[in-house]
């Protein structure tokens with residue numbers, strides 16, 4: 001199941017819980033459920049994109065750090081006489 005679908009289900013569920021806690025009919029304003037579902041769907045999709053982007057940035061930073069460490073190690077080698 002994709003994160004967007006899970007987010008949509010969470011948005012819908014949150015709206016149901018909100019109406020239930022206020023002792024209102026669960027489907028009082030159906031457009032609110034549509035809005036909450038849409039927001040949850042969008043948030044789930046954006047979360048996946050954000051995770052992929054941060055993983056890519058982390059790999060780049062690790063590669064830069066590794067190249068810097070290798071350069072530093074090669075400069076500091078002292079020959080043993």
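Rule-based calculations on the coordinates, nothing more; no lab input. Here the structure is a predicted model, which means the values were calculated and not measured. When we count neighbours, we look across all protein chains shown, and the Cβ atoms used for this are built from the backbone with ideal geometry, even at glycine.
From Cα pairs below 8 angstrom and at least 6 apart in sequence, can you work out the relative contact order of region 3-75, rounded to a whole percent?
Answer for region 3-75 is 38 percent.
Going by alpha carbons, how many degrees (0 to 90, nearest 10) lie between the helix axis of 3-21 and the longest principal axis of the chain?
40 degrees
Most fluctuating residue of 52, 66, 32 in a GNM of the chain with Cα springs under 10 Å: which is it?
Of the options given, 66 has the highest mean-square fluctuation.
Which whole-number percent of Cα pairs in the chain have a distance greater than 22 Å?
55 percent
Which one, 67, 18, 38, has the greatest fluctuation when you compute a Gaussian network model over the chain with C-alpha springs under 10 angstrom?
Maximum fluctuation in the GNM of the chain, among the listed residues, is at 67.
Exposure proxy check: 31, 50 ranked by fewest other beta carbons within 10 Å?
The fewest-first ordering by Cβ neighbours comes to 31, 50.
How would you rank 46, 1, 10, going from fewest to most other Cβ atoms within 10 Å of each one's own Cβ?
1, 46, 10
Give me the distance between the Cα centres of region 53-75 and region 17-42, rounded to whole Å.
Computed from Cα coordinates, the inter-centre distance equals 47 Å.
In degrees between 0 and 90, to the nearest 10, how far off the longest principal axis of the chain does helix 30-75 point, with axes built from Cα atoms?
On a 0 to 90 degree scale, this one is about 10.
Given the options 43, 55, 63, which has the most mean-square fluctuation in a GNM of the chain, springs set between C-alpha atoms less than 10 angstrom apart?
Of 43, 55, 63, the Gaussian network model singles out 63 as fluctuating most.
If you rank 41, 12, 72 by fewest surrounding Cβ atoms within 10 Å, what's the result?
72, 12, 41
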